[in-house]
There are 2 protein chains.
Amino acid sequence: MKKQSFYILIIGCSRLGVYIANNLSKLGHSVVIIDEDESSFILLDVNFSGFKIEGNPAELETLRQAKIAKADIVIVTTRDDNINIMVAQIAKEIFKVPRVMARIFDPVHEGSYLLKNIDTICPTSLAGDILLKAVTDRDEGK
Amino acid sequence: MKKQSFYILIIGCSRLGVYIANNLSKLGHSVVIIDEDESSFILLDVNFSGFKIEGNPAELETLRQAKIAKADIVIVTTRDDNINIMVAQIAKEIFKVPRVMARIFDPVHEGSYLLKNIDTICPTSLAGDILLKAVTDRDEGK
């Protein structure tokens, strides 16, 4: 099994951003995390070994400063779906990042045609489907 | 396969609350949803056949008004973990609801001893683990 270190850019220091940044950093990857609110970095582990960049992720200058063009993986997890969709598209189409993943907050946006070639994840529908399954299983007496 | 209609109380008309309320209502269950902000009900489907109760879920009077003691299932999905944990405990211990499920926002609270006998779901760690797996699979060339 090969063990590579990836250059991973995480955009948005939300709870989800923090969760994956801390874990990917522990796994030995090079992690850079961007947020426009410096105080959000406080949730990162004290052992977080990556870089933190304070800046607006909707500005190309911030993305360039984070060397987005060199990223193997970009994960977009701000709290705003519109920014997530836009930044994911920029990463994919302008900077040709091989793998782009975006958190989608509102299940309504999940099917957006704008998200072609972008892996999306919607925590709300993930959790919702598990809760629905629990009720259905109960209905079937499992 | 038996098909029962459950009396399901959903506390918190968050995105997750709306998602499950709409789906459980479609499945033919009796759904009641509580939120202290009436405007949050706007996200429910026009076909939502359940009841909406405007009230503070941290007050026993609101829970009694929603006939919590008769509920087969209580699902707590407000945006506040402390309220979720407290209301889930009240449902389980005071009103003896057979099945109680709570959304936990912050992965840090997931292991809380207060959540004994309560099924918890943390959308952040669910989504985070899927994103981490995607990176690990890439590392292993899958």
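Annotations
- Filter result for A:Arg99 (among the basic types (Lys, Arg), under 30 Å from A:Gly128 (Cβ atoms) and either over 15 Å from the mean Cα position of the chain (by Cα) or surrounded by fewer than 18 Cβ atoms within 10 Å (Cβ to Cβ) (or both)): no
- Listed here are the helices (runs of 4 or more DSSP H) enclosed by the stretch B:1-112 that have at least 3 residues being among the β-branched types (Val, Ile, Thr): B:81-89.
- Conditions (1) under 20 Å from A:Asn23 (Cα atoms); (2) among the hydrophobic types (A, V, I, L, M, F, W, C); (3) away from every other protein chain (no Cβ under 12 Å); (4) touching an Asp or Glu at 6+ places or on another chain (Cβ under 9 Å); number of the one not met by A:Val97: (1)
- Looking across the stretch A:121-142, just one residue is under 14 Å from B:Cys122 (Cβ atoms), surrounded by fewer than 20 Cβ atoms within 10 Å (Cβ to Cβ) and touching a helix residue (DSSP H, G or I) at 6+ places or on another chain (Cβ under 7 Å), and that is A:Leu126.
- Residues of the stretch A:96-135 satisfying the condition of being among the hydrophobic types (A, V, I, L, M, F, W, C) and without any contact (Cβ under 8 Å) to a residue 24 or more places away in the chain: A:Ile104, A:Val108, A:Ile121, A:Cys122, A:Leu126, A:Ala127, A:Ile130, A:Leu131, A:Leu132, A:Ala134, A:Val135
- Selection status of A:Arg64, charged (D, E, K, R) and under 27 Å from A:Ser125 (Cβ atoms): no
- Check on B:Asp45, within 15 Å of B:Asn84 (Cβ to Cβ) and more than 9 Å from chain A (Cβ to nearest Cβ): no
- Some residue of the stretch A:81-90 being surrounded by fewer than 14 Cβ atoms within 10 Å (Cβ to Cβ) and within 30 Å of B:Val76 (Cβ to Cβ): yes
- The stretch B:55-76: number of residues that are touching a Phe, Trp or Tyr at 6+ places or on another chain (Cβ under 8 Å) and either more than 24 Å from A:Arg138 (Cα to Cα) or surrounded by fewer than 18 Cβ atoms within 10 Å (Cβ to Cβ) (or both): 3
Quick note: the coordinates plus some simple rules give every number you see, no bench work behind them. On a predicted model such as this, the values are computed, not experimentally measured, just so you know. When we count neighbours, we look across all protein chains shown, and the Cβ atoms used for this are built from the backbone with ideal geometry, even at glycine.
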